[in-house]
Amino acid sequence: MFKREEIEKILLQAEQLDPEYEMFGVSRHQYKLNPPITKEFVHRVEERYNFQLPEDYFQFITEVGDGGAGPDYGIYQFKDFLRKGSSPGVEKFYEAYRCSMAKPFIVCPMESEEVEYDYAFSKEAYEKNPEKYFVEIGNSDEYGLCDTNGYFVLGTHGCQWDFGLVISGERRGQVFDTDNEGGYMLVAGSFSEFYQEWLDYIQDIEQFQKELEMWRNIK
């Protein structure tokens with residue numbers, strides 16, 4: 001179980017090493033957690049859209065912080081789940097996304113011949129751990145684009161790459177990267193595992209400084 005004060009100590013150390021927020025994506029969240037959201041709000045959303053968040057993620061957003069500091073551009077706020085679209089068309093898209101959370105996330109193994117041709121993952125990465133790569137099935141909309149059934153987007157790596165939490169179906173609780181073309185890579189067995197891996201990464205001072213120097217040189 002995460003505790004806000006313990007995480008903030010880790011974030012402060014990272015900020016002291018990177019006071020200008022030069023690490024990739026950090027300028028968005030600046031090593032800060034948002035305030036927690038109320039359990040009552042989350043329960044109202046769950047009841048309205050007929051799903052239940054995994055327990056560790058629920059605990060995080062209601063007791064630690066509703067998003068903020070996290071991998072790359074950080075963790076999105078759950079309170080934005082009910083944000084209204086800027087136009088009727090956008091609102092229709094948002095509502096379809098919200099309603100899709102109750103439907104099971106269903107995937108099948110990605111085949112080697114699909115990598116790099118149908119999906120954006122690299123062949124080299126796939127061949128190292130082919131068992132981690134999957135394809136979402138049976139969920140295309142009228143435009144031929146893949147829906148996100150049971151897949152709650154937690155944040156983005158940038159460009160077309162997002163990461164998200166499965167909240168419905170047999171893989172409930174697992175975290176996947178996606179190329180947003182129907183391809184998925186399993187990155188953690190739970191939200192807690194996913195977030196702890198990031199905390200461990202920013203606590204490794206030697207590795208952190210090495211990567212920070214790389215981003216400084218790119219600039």
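Quick rundown of the values:
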quantity: Probe 1.4 Å - accessible area at Ser86, Å² to nearest ten; calculated: 120 Å²
quantity: Using a Förster distance of 41 Å, the FRET efficiency for Ile218-Glu47 (Cβ separation, nearest 0.05); calculated: 0.30
quantity: Accessible surface of the chain [probe 1.4 Å, protein heavy atoms]: carbon and sulfur percent; calculated: 50 percent
quantity: Average Cα contact separation per residue, the chain, under 8 Å, 6 or more apart, as relative contact order %; calculated: 20 percent
quantity: Rh by Kirkwood over Cα pairs, then Stokes-Einstein D for region 8-68 at 0.890 mPa s and 25 °C, µm²/s; calculated: 187 µm²/s
quantity: Average projected area [Cα convex hull, the chain], square nanometres; calculated: 13.2 nm²
quantity: Per residue convex hull volume, Cα atoms of region 1-104, in Å³; calculated: 118 Å³
quantity: Where the chain is the region considered: accessible area per residue in Å², 1.4 Å probe; calculated: 54 Å²
quantity: Label-point separation in nm, Phe2 to Ile205, each point 7 Å along Cα→Cβ; calculated: 2.4 nm
quantity: Largest-first ordering by accessible area, 1.4 Å probe, given options Tyr201, Tyr195, Tyr126; calculated: Tyr201, Tyr126, Tyr195
quantity: Alpha carbon convex hull of region 157-219, volume per residue in cubic angstrom; calculated: 91 Å³
quantity: Potential extension, Leu17-Lys128 segment - 0.36 nm per residue separation minus Cα distance; calculated: 36.7 nm
quantity: Karplus (6.51, -1.76, 1.60) ³J(HN,Hα), θ = phi - 60°, over region 176-187, in Hz, Gly and Pro reported as x; calculated: 10, 7, 9, 8, 6, 10, x, x, 9, 10, 5, 10
quantity: Contour minus Cα-Cα distance for Ser86 and Lys32 (0.36 nm per residue); calculated: 16.7 nm
quantity: Cβ-derived FRET efficiency at R0 35 Å, Trp198 paired with Cys99, nearest 0.05; calculated: 0.70
quantity: Over the chain: helical MRE at 222 nm, DSSP H runs n ≥ 4 each giving -39500 (n - 2.57), nearest 500; calculated: -10500 deg cm²/dmol
quantity: Debye, to nearest 20: dipole size of region 61-219, +1 on Lys, Arg Cβ, -1 on Asp, Glu Cβ; calculated: 640 debye
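The values are calculated or read from the model by the stated rules, or taken from the named source; none is laboratory data. In this text, all values refer to a predicted model and were calculated from it rather than measured experimentally. Using ideal geometry, Cβ is built from the backbone for each residue, glycine included, and neighbour counts are taken over all protein chains shown. We work out accessible area using only protein heavy atoms, side chains counted, and drop any ligands, DNA or RNA first. Shrake-Rupley method; radii C 1.70, N 1.55, O 1.52, S 1.80 Å.
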